[in-house]
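Notes to accompany the following structure.
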Amino acid sequence: MTRRRMVAAAIGALWAAAAGAQNIPGSWELTGIGGGYFSHSIYDLPQADVSTTTTYEYGARLGYNLTWGVELEGAWTYAKPSLEASPTFPGGPSGTVGAVKTNTYEIDGLFSLGDPTASFYVVVGAGATSFQPVIAGVETRTTTEFATSAGIGGKFWFTRNFGARIEGRWRFVTTGNTNSGFWCSSAGVCYFWANNLYSYPDASAGLTLRF
C-alpha cells in the first residue's frame, strides 16, 4: 500500500508540474525583445571571405497559449550586422565592406514545463528571412529565404500579467546557388553565398505582458 501511495504521489507531482507550467490557456502574451546577433560567414569573394559581425538585435513576439504547456507565437526579429571581409589571398579586400539588414518572420511553437512563477521551454520555429545588403559600389537587391530555428529559454512572472523572458537559439537560413555570382561591382568583383545554409546563433531577453 505504501508503494502505491508513493507512486501515486509521484505521478501527482509530475502532473502538477506540467499543469502548473506558467501558460494560462486562452491567454495572449506580448513580448518586446533585445539581444545579440552573433557573427558567421555569409558571402564569398574571389579573394576573401565575408562574415556578418556580432551586433544587437530587437523584435517582438505575440503568442497564444493553447494549453498549460503549449504556446503558438508569431515572431519578428531585426538586425543590421556589418559585413567584414577577411582576405584569403594576397591583395584580397579586408575590413568593413558594408552592412546587411535582416528581418526574420517566424511562427514558433513553445513547449514548456514549470510552475506559475518560472518555467523552462523548448522552442522551434519556421518562416522567412529577408537580406537587404548595402555595399559601396555594388548594386544589390533584397532576397528572401526559408528560415528555421531551434532553442531553449525561460520565463519568469513577477505578477499574473507581467514577466520576463530569456532565450537562446540557433538559426538556419537556406541560400541560393553558390556557383554563380549574384552581385557584382563595377570592377567585375562578384559576391557569392558562402554556403547553401547560412546559420548563426542569437540570444535575447525581454519583458512580457499577458492578457
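The values are calculated or read from the model by the stated rules, or taken from the named source; none is laboratory data. Predicted model, so just to flag it, every value in this text is computed and none were measured. Methodologically, a virtual Cβ is constructed for each residue, glycine included, from the backbone with ideal geometry; neighbour enumeration extends over all protein chains shown.
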Checklist entry - Pick from GLY74, GLY63, GLY20: which is touching a Ser or Thr at 6+ places or on another chain (Cβ under 9 Å) and at pLDDT 95 or above? => result GLY63
Checklist outcome for this item: In segment 101-159, anything assigned to a strand (DSSP E or B) and aromatic (Phe, Trp, Tyr) is listed as TYR105, PHE111, PHE120, TYR121, PHE131, PHE146, PHE156, TRP157
Checklist entry - Yes or no: ALA118 farther than 17 Å from GLY74 by Cβ, of a type in the set (A, V, I, L, M, F, W, C) and in contact (Cβ under 8 Å) with a residue 40 or more places away in the chain? => result yes
Next on the checklist: Can you find, within segment 77-89, the residue that is farthest from THR129 (Cα to Cα) among those that are modelled with pLDDT under 95 and surrounded by fewer than 17 Cβ atoms within 10 Å (Cβ to Cβ)?
Outcome noted: PHE89
Checklist entry - Which of the residues belonging to segment 121-156 are of a type in the set (Phe, Trp, Tyr), surrounded by fewer than 17 Cβ atoms within 10 Å (Cβ to Cβ) and more than 17 Å from GLY74 (Cβ to Cβ)? => result PHE156
Checklist entry - Does LYS101 fit the bill of being in contact (Cβ under 8 Å) with a residue 40 or more places away in the chain and either of a type in the set (S, T, N, Q) or out of contact with any Cys (no Cβ under 7 Å at 6 or more places or on another chain) (or both)? => result no
Checklist outcome for this item: Scanning segment 188-211 residue by residue, the ones that are in a loop (DSSP other than H, G, I, E, B), among the small types (Gly, Ala, Ser) and either crowded, with 16+ Cβ neighbours inside 10 Å or in contact with a Leu (Cβ under 8 Å, 6 or more places away or on another chain) (or both) total 1
Next on the checklist: Can you confirm whether THR54 is farther than 30 Å from ARG160 by Cβ and at pLDDT 90 or above?
Outcome noted: yes
Checklist entry - Within segment 42-58, which residues are crowded, with 21+ Cβ neighbours inside 10 Å and under 19 Å from THR148 (Cα atoms)? => result ILE42, THR52
